[in-house]
Each structure stands twice: as C-alpha cells, then as structure tokens.
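What follows is one structure encoded as structure tokens, with my remarks underneath.
The values are calculated or read from the model by the stated rules, or taken from the named source; none is laboratory data. Fair warning: this is a prediction, and the values are worked out from it, not measured in the lab. Note: ideal-geometry Cβ built from the backbone for every residue, glycine included; neighbour counts use all protein chains shown. Heavy atoms of the whole protein, side chains included, go into the accessibility calculation; ligands, DNA and RNA do not. Shrake-Rupley method; radii C 1.70, N 1.55, O 1.52, S 1.80 Å.
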Amino acid sequence: MFANSRLRVEGFILTGREKSAEGKVLTQVRKARTVLRKEGKRRGEYVARLMSDRRQKNQLELAFAAESRSEAPMAAGEGTESLAAKRRTESPAITEQLMEEVCERENCKKALARVKANKGSPGVDGMTVHKLAGYLKQHWPAIREQLRDGTYEPQPVKRVEIPKPDGGVRKLGIPTVLDRFIQQAVMQVLQRRWDRTFSEHSYGFRPKRSAHQAVRAAQQYIAEGYRWVVDLDLEKFLDPSP
C-alpha cells in the first residue's frame with residue numbers, strides 16, 4: 001500500500017517503496033503523531049494558563065472599569081472616578097455661599113422632615129425629635145446667625161454601647177437632635193456637589209442607590225463568569241489611637 005507513496009509529517013518526507021519498509025514507516029508515523037499530541041497538550045495547557053491569568057487581571061481591574069455594568073443610573077454631566085483629585089482651598093466667599101444654601105428655608109424643612117422620619121434616641125440634652133420643631137421656632141434666628149458667622153459649636157456626643165450577637169459591644173455616638181438636624185441640612189447641600197464625583201460602583205449611603213442594586217450588579221458579574229470576591233473592612237479605622 002506504500003509503494004510509490006510519499007507521506008509528509010512535520011516537514012519530513014517518508015517514502016515507502018518496498019513491502020518490508022511498511023512497518024518502519026508506520027512506526028515513524030505513530031511516533032510523529034505521539035509527538036504532535038504531546039505538543040498540542042502542552043500548548044493547550046499554556047493557553048489555559050494565559051486565559052486564567054488574564055481573567056484574574058480583569059477581575060482585579062473590575063472595580064476600576066471605565067464602563068459601568070450595574071443597573072444604577074449614570075451620573076449626568078461630569079464623568080466619574082477621575083484619575084487625580086485637584087486640591088483647592090475654598091475661599092470665604094464660597095464658604096458663605098454654601099452656608100446660605102444650608103440655611104435656606106426649603107433645605108431646612110427637608111432636613112427637619114428627615115430627622116423626624118429617622119426618629120432615634122435623644123442626645124446628652126434629652127431633647128426628642130418631637131420637640132425639635134418647637135425649639136427651632138424659638139431659637140432658629142440665633143442658630144442661623146451662628147452658622148453664618150462660624151461660631152456655632154455642636155454639643156457633646158452621647159456614647160452608648162450595644163451588645164453584638166457574637167460577643168463584645170458596638171460603640172455608638174448619638175448627637176443631639178439639633179446637631180442631627182444641622183448635619184442633615186449641611187449634607188443635603190454638599191451631597192449635590194460631591195455625589196456626582198463618586199464611583200459608579202458605589203452603592204452605600206447615596207441617593208437613589210440601594211443594596212438591591214448592588215446585588216443585581218453582583219449577579220450580573222457572576223453571569224459574566226467572574227468568581228473572585230474581595231471583602232475589605234476598615235475595622236476601627238476611625239477609632240482614636242491607644
């Protein structure tokens with residue numbers, strides 16, 4: 001069957017002209033096929049390693065992707081996650097303008113409604129959220145003047161300890177309801193300016209963001225083949241030094 005035939009294997013030409021040479025040619029062909037199979041296996045393993053390394057790299061870069069895969073609404077206007085924040089010193093004029101916005105009637109009404117809705121325990125002065133509206137009616141002009149000229153001083157924070165399910169206690173600070181009201185009014189003004197600069201992958205304590213959106217984003221990452229999860233906790237990061 002190999003008379004006057006020529007076989008090409010990996011660049012070598014094998015010729016069979018006699019019947020006695022048939023076995024030798026078959027042996028050479030089998031050896032060549034074995035070499036090719038081993039080489040193909042090594043190449044396949046090498047390609048698999050490359051793909052695995054690339055997937056891990058993509059997963060590490062996921063949080064910094066330019067395109068958002070979440071269902072959260074994109075911030076309008078400016079982009080997010082700038083490479084470097086420019087440090088600027090706010091002028092007194094800008095500070096005064098911000099405080100004017102904080103003390104505006106509509107902003108304060110919204111802050112008061114939020115504090116009432118959050119309820120919460122009274123601080124060191126014992127004032128409850130139900131008494132806050134009456135207190136503001138009587139003292140708001142003086143408080144507003146202190147806020148505008150920078151002389152307002154918050155009251156001490158009440159320290160409480162809440163037991164943890166797994167043992168130990170969680171320390172919490174409870175400001176007075178008046179300070180919570182002022183904090184809320186300030187936050188509402190600053191949030192409009194700062195929130196649009198936050199990461200599109202950030203869902204915690206932001207307007208129109210929720211844990212449900214974070215879960216949907218995680219489900220989408222899983223559907224796309226991602227399997228690595230990085231869990232970071234800045235425990236006691238803001239605690240005072242021992």
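Worth pointing out:
- Every pair of residues 6+ apart whose Cβ atoms lie under 7 Å, when the first sits in the stretch 99-111 and is open to solvent by 40 Å² or more (accessible area, probe 1.4 Å) while the second is not aliphatic (A, V, I, L, M): Met99/Arg148; Lys110/Gln188
- Tally of residues being in contact with a Ser or Thr (Cβ under 7 Å, 6 or more places away or on another chain) and surrounded by 17 or more Cβ atoms within 10 Å (Cβ to Cβ) across the stretch 182-207: 3
- In the stretch 103-121, residue nearest to Ile182 (Cα to Cα) [restricted to those that are among the polar types (S, T, N, Q) and at pLDDT below 95]: Asn118
- Matching residues, the stretch 123-144, being over 39 Å from the mean Cα position of the chain (by Cα) and small (Gly, Ala, Ser): Gly134, Ala142
- Qualifying residue in the stretch 126-141 (condition: outside any helix (DSSP H, G or I), exposed (fewer than 12 other Cβ atoms within 10 Å of the Cβ) and among the hydroxyl-bearing types (Ser, Thr, Tyr)): no
- Check on Glu145, among the acidic types (Asp, Glu), touching a strand residue (DSSP E or B) at 6+ places or on another chain (Cβ under 9 Å), without any contact (Cβ under 8 Å) to a residue 60 or more places away in the chain and not in a loop (DSSP other than H, G, I, E, B): no
- Residues of the stretch 104-125 that are in a loop (DSSP other than H, G, I, E, B) and touching a helix residue (DSSP H, G or I) at 6+ places or on another chain (Cβ under 7 Å): Lys119, Gly120, Pro122, Gly123.
- Restricting attention to the stretch 208-229, the residues being open to solvent by less than 60 Å² (accessible area, probe 1.4 Å) and either assigned to a loop (DSSP other than H, G, I, E, B) or of a type outside the set (Phe, Trp, Tyr) (or both) number 8.
- Candidates Asp179, Asp166, filtered to the one that is open to solvent by 40 Å² or more (accessible area, probe 1.4 Å) and not hydroxyl-bearing (Ser, Thr, Tyr): Asp166
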